[in-house]
Amino acid sequence: MKKILSTLFLFGMTTGFALAQTTTATTASTATGTSSVQETAVVTAGLTPESPFYFFDKITEALQGLFAITPEAKVKLQLSFASERVAEAKAMLAIEGDHKEGLDIIHASLVENVQNTANILKQEKNAGKDIAQLAKEANAQFDSEEKNLNNTLAEAHKEVVNIKIEEYKKLLEEAKAIKDEAKISDVEKNLEENKQIAQDLKDKKEEIKKSFHEEKRAIEEQMSEKDQEEDKIDSEQEDIDDTENDNESETDMENESETRIKIEASKTNDSRGNLEVRTEGRIEVRNTNISND
């Protein structure tokens, strides 16, 4: 048993060292007596929650936490973990499929990172230390990670809707045209699965946005009043921009779908030989039969 634990410990230490060399995104520094966390590199994903060996990542992170002594180092570590979670989400979403379970794990981990950071800051503040600047910079990076992840989820949602769902809709039409019941059933199943994936991505984006805003309040409370006010204004503007972007995205997708329907409808004649032409929401029926009278 001792040999197994020793092996795991050495493996974790080695993995942790490798991750620290290749994936650390932030460094902690103290200048003019003010704590700060500065971003210096881009984190790349290692294992993702969908890997059976993902638990090694958690062991490594626990071991890394043992060597974080100062509040700057502790906060830096939580920010580094959050950056890696976002990188893992990107790596997962680059692969076609349903990643709901993996995204749930990443979401829970990100919430934990925010909560841990808030607790670290509260403890230092209660000890009489000035951590306003550290809180401000931690809050800013969490904002950046949230935006990065939400953009990734939005792009993944758009790809599923505009490519996969439209592809299966076309295949369904073809299967119905030749009355292939087996193919119709198979395509309908795939279509519904992708519709569910799209909905899950949209829901997860909203869940992450809501939980980040709720959990980050504990960090924002450690900032100066001036920084809190500025952050509130920035957050309100980001919410407006995010809503506008979502509306534009949904409108674009609706327009693309409606345009495709119009084009297909304009190419088909009904049983009476009439040609349906759809123009700006209006349907005109033109008789294409030529009368000899």
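The values are calculated or read from the model by the stated rules, or taken from the named source; none is laboratory data. Just so it is clear, the structure is predicted and the values come from calculations on it, not from any experiment. In this analysis, Cβ positions are derived from the backbone assuming ideal geometry, glycine residues included, and neighbour counts consider all displayed protein chains.
Would you call Asp227 acidic (Asp, Glu), closer than 24 Å to Glu124 by Cβ and assigned to a helix (DSSP H, G or I)? Yes. Apart from one condition, Glu146 fits all of (1) of a type in the set (D, E, K, R); (2) under 24 Å from Lys205 (Cα atoms); (3) not in a helix (DSSP H, G or I); the exception is (3).
Just one of the listed residues (Asp104, Asp130, Asp98) is more than 26 Å from Glu225 (Cα to Cα), charged (D, E, K, R) and not in a helix (DSSP H, G or I), and it is Asp98.
If you check Lys226, Lys164, Lys169, which single one turns out to be free of Cβ contacts under 8 Å to residues at least 12 places away in the same chain and farther than 22 Å from Asn119 by Cβ? Break it down stepwise before answering.
Details: Lys164 fails: free of Cβ contacts under 8 Å to residues at least 12 places away in the same chain; Lys169 fails: free of Cβ contacts under 8 Å to residues at least 12 places away in the same chain.
One residue alone meets the criteria, Lys226.
In the set (1) touching a Leu at 6+ places or on another chain (Cβ under 7 Å); (2) outside any helix (DSSP H, G or I), Ala156 fails one condition alone, (2).
Could you grab me the full set of residues in the stretch 167-217 that are in a loop (DSSP other than H, G, I, E, B) and crowded, with 16+ Cβ neighbours inside 10 Å? Even if it seems obvious, please write down each step before you answer.
Step one: list which residues in the stretch 167-217 are in a loop (DSSP other than H, G, I, E, B), which gives 178-180, 216.
Selection gives Lys216 alone.
Residues in the stretch 137-166 that are surrounded by 15 or more Cβ atoms within 10 Å (Cβ to Cβ) and either at positive phi or of a type in the set (D, E, K, R) (or both): Glu137, Asp143, Glu145, Glu146, Lys147, Lys158, Glu159, Lys164, Glu166. Here the condition is being β-branched (Val, Ile, Thr), under 19 Å from Glu137 (Cβ atoms) and either surrounded by 12 or more Cβ atoms within 10 Å (Cβ to Cβ) or at pLDDT below 65 (or both); of Thr15, Thr7, Thr70, it holds for Thr70 alone.
Test Ile163 against the criterion of being assigned to a helix (DSSP H, G or I), out of contact with any helix residue (DSSP H, G or I) (no Cβ under 9 Å at 6 or more places or on another chain) and of a type outside the set (D, E, K, R), and give yes or no.
Working: assigned to a helix (DSSP H, G or I): yes; out of contact with any helix residue (DSSP H, G or I) (no Cβ under 9 Å at 6 or more places or on another chain): yes; of a type outside the set (D, E, K, R): yes.
Answer is yes for this residue.
Determine whether Gln123 is more than 22 Å from the chain's Cα centre (by Cα) and loosely packed, with under 15 Cβ neighbours inside 10 Å.
Working: more than 22 Å from the chain's Cα centre (by Cα): yes; loosely packed, with under 15 Cβ neighbours inside 10 Å: yes.
Yes.
Could you tell me which residue of the stretch 57-92 is farthest from Ala156 (Cα to Cα), considering only residues that are among the hydroxyl-bearing types (Ser, Thr, Tyr) and assigned to a helix (DSSP H, G or I)? If you could, list the steps in order and put the result at the bottom.
To start, the set of residues in the stretch 57-92 that are among the hydroxyl-bearing types (Ser, Thr, Tyr) comprises 60, 70, 80, 83.
Add one more test, that the residue is assigned to a helix (DSSP H, G or I), and what stays is 60, 80, 83.
Values: Thr60: 29, Ser80: 24, Ser83: 19 Å.
Only one residue tops the list, namely Thr60.
Residues of the stretch 174-223 that are touching a helix residue (DSSP H, G or I) at 6+ places or on another chain (Cβ under 8 Å), among the basic types (Lys, Arg) and without any contact (Cβ under 8 Å) to a residue 40 or more places away in the chain: Lys176, Lys183, Lys195.
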